Amino acid sequence: MEKKVILVSHGKLSEGMMHSVQMIIGKNEALSCYGMMPGEHYSLIVEAIEKEAKANPETQYIIIADLFGGSVCNGCTSLTDLSNVKLISGMNIGLVIEMVLAPAPVSDEMIAGGLESCKEGITHVSNDLVKSQSDNSDENFF
Amino acid sequence: MISMVRIDDRLIHGQVAVMWSKQLGISRIVVASDKIAANEMQVNALKMAAPAGIKAFILPIQKAVDLLNDPRAASMKILVLSNNPKDIYEVLQGINEKPLLNLANYGRIGGALSDKQKLAETVYVTEEDKEVFKKIFDMGYDFEYQPLPSDTKQSLKELLGGK
């Protein structure tokens, strides 16, 4: 099964996110994006994705939205009725990379695991945290 | 076992932590540098940059060589990093294996770019670097210029004009 990851957001976040992700993992044709610009309606995005997902039932679509409860995410909720679509909110670079690199088809368990590991990356980078990393001993190596 | 040795100004960063570690199934990252190992701030920052499930060690060169030559390291998949060819030359002289060498993101920081020769999009070298590379080539090695696993490999020897 093929897989596509579609980033959706208010404004240019999704476009910028795609650019940033590609700096790390290289260009990836499975990754695309839509941004809802000021004055536009989210239905443009939802319709475009719906059309693509219906035309390619053998492809899995992982939609990653910027904000839970935001209108773009809310609009995309209707797409989850399609069996080849999954929707995740709280877009961040770790999550996007995880989903692009995950083998298709991505299961609900894989999404849950990916979210857990991404949450670890959302953290307060304090002095204490930095110091806790510093065990450089042999015993720790082997 | 050393899965790969890489020269990269940025050491542990996204391309290395995400893509190469995954591609090679790395379990340990060793940054070999006397200078960096002596800087506690840098050591801690680099350790934090290691991805979940991979332990990073920032070690003086001799210490790194000792660990890499330890029989217990044979069953591990280790990525060795440094930010300059001299360190890598020293590591290669000390270790018992003959690992794959990789290079990307080198020479863009430190010194004026105008004094350097551009070999690839992300690689700039000085005359001094070239001397060191030559010594490494004389040991029977070449480097692959390859920023990401999905990028096409180029031989450093060829980029340097076959010297």
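Okay, here's what the table says:
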| quantity | calculated |
| --- | --- |
| Top-ranked residue of segment B:67-89 - restricted to ones that are facing chain A (nearest Cβ under 9 Å) and without any contact (Cβ under 8 Å) to a residue 40 or more places away in the chain, ranked as surrounded by the most Cβ atoms within 10 Å (Cβ to Cβ) | B:Leu67 |
| Any chance A:Glu40 is within 14 Å of chain B (Cβ to nearest Cβ) and not in a helix (DSSP H, G or I) | no |
| Elements of type helices (runs of 4 or more DSSP H) contained in segment A:56-142, each with 2 or more residues being away from every other protein chain (no Cβ under 14 Å) | A:71-76, A:108-120 |
| Lone unmet requirement of (1) surrounded by fewer than 18 Cβ atoms within 10 Å (Cβ to Cβ); (2) modelled with pLDDT of 95 or more; (3) in contact with a helix residue (DSSP H, G or I) (Cβ under 9 Å, 6 or more places away or on another chain) for B:Ser150 | (2) |
| Residues satisfying the stated conditions in segment B:35-78, i.e. over 18 Å from A:Ser126 (Cα atoms), of a type in the set (Gly, Ala, Ser) and part of a helix (DSSP H, G or I) | B:Ala37, B:Ala64, B:Ala73, B:Ala74, B:Ser75 |
| Hey, A:Cys76 closer than 20 Å to A:Ile111 by Cβ, in contact with a Ser or Thr (Cβ under 7 Å, 6 or more places away or on another chain) and either surrounded by 13 or more Cβ atoms within 10 Å (Cβ to Cβ) or in contact (Cβ under 8 Å) with a residue 12 or more places away in the chain (or both) or not | no |
| Conditions (1) within 26 Å of A:Phe142 (Cβ to Cβ); (2) within 17 Å of the chain's Cα centre (by Cα); (3) within 14 Å of chain A (Cβ to nearest Cβ): number failed by B:Glu40 | (2) |
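The values are calculated or read from the model by the stated rules, or taken from the named source; none is laboratory data. In this text the structure is predicted, and so the values were computed from the model without any measurement. Cβ atoms come from the backbone with ideal geometry, glycine included; neighbour counts cover every protein chain shown.
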